[in-house]
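**Student:** Let me give you the structure first, and then I'll get to my questions.
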Amino acid sequence: MAEVQSRRLEAAVSALLECAGSDNASAKPRSLPPVRVELRTLELWRATISECLAAFLFVFVVCGAGAAAGGGAGAGGAPANSGALLAAALAAGAGAATLYQCFGHTSGKLQLC
């Protein structure tokens, strides 16, 4: 049983390493358009506007969650409300994940293998 799991782990690691190495080995130098041409493309401006909108929404969500949490330790060094701090942290994580799902295809295009 342990030997089978070991083989599966080795296969998964080798597949991951091949995937990571394939981008570097087969990457051809891509010619970029001149800046004057790229500034006139709709794709650039769509990505720029979506980045700005996503950043605004993320700051809005995180600041709202932080304000609801009470801002950390209370007056006189009173302990912070750990439940509210956890809710603020979860709001930041959920906000980042949601905004990536909403705007990731427009800008930022994270490509895994």
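The values are calculated or read from the model by the stated rules, or taken from the named source; none is laboratory data. Quantities reported herein were computed from a predicted structural model and do not represent experimental measurements. Here the Cβ is made from the backbone with ideal geometry for all residues, glycine too, and neighbour counts use every protein chain on show.
**Student:** Name the single residue, out of those in region 35-47 being part of a helix (DSSP H, G or I) and among the charged types (D, E, K, R), that is surrounded by the fewest Cβ atoms within 10 Å (Cβ to Cβ). Spell out how you get there, then give the answer.
**Tutor:** Filtering region 35-47 down to residues part of a helix (DSSP H, G or I) leaves 35-38, 42-47.
Still in the list and also among the charged types (D, E, K, R): 36, 38, 43, 46.
On the way: 36: 7, 38: 11, 43: 10, 46: 12.
Among them, the one singled out is 36.
**Student:** Please find, within region 48-103, the residue that is modelled with the highest pLDDT out of those that are among the hydrophobic types (A, V, I, L, M, F, W, C) and outside any helix (DSSP H, G or I). Working first, answer last.
**Tutor:** First, the residues of region 48-103 that are among the hydrophobic types (A, V, I, L, M, F, W, C): 49, 52-63, 65, 67-69, 73, 75, 78, 80, 84-92, 94, 96-97, 99, 102-103.
From the residues that got through so far, the ones that are outside any helix (DSSP H, G or I) too are 73, 78, 80.
On the way: 73: 51, 78: 53, 80: 58.
This residue is 80.
**Student:** Restricting to region 29-63, give me the number of residues that are among the aliphatic types (A, V, I, L, M) and more than 30 Å from residue 91 (Cβ to Cβ). Walk me through it before giving the result.
**Tutor:** Here is the first cut: in region 29-63, the residues among the aliphatic types (A, V, I, L, M) are 32, 35, 37, 39, 42, 44, 47, 49, 53-55, 57, 59, 61-62.
With the extra rule that they be more than 30 Å from residue 91 (Cβ to Cβ), the set shrinks to 32, 35, 37, 39, 42, 44.
Final tally of qualifying residues: 6.
**Student:** Can I ask one more? Of the numbered conditions (1) modelled with pLDDT of 85 or more; (2) surrounded by 10 or more Cβ atoms within 10 Å (Cβ to Cβ), residue 17 satisfies every one except a single condition; which is it?
**Tutor:** (1)
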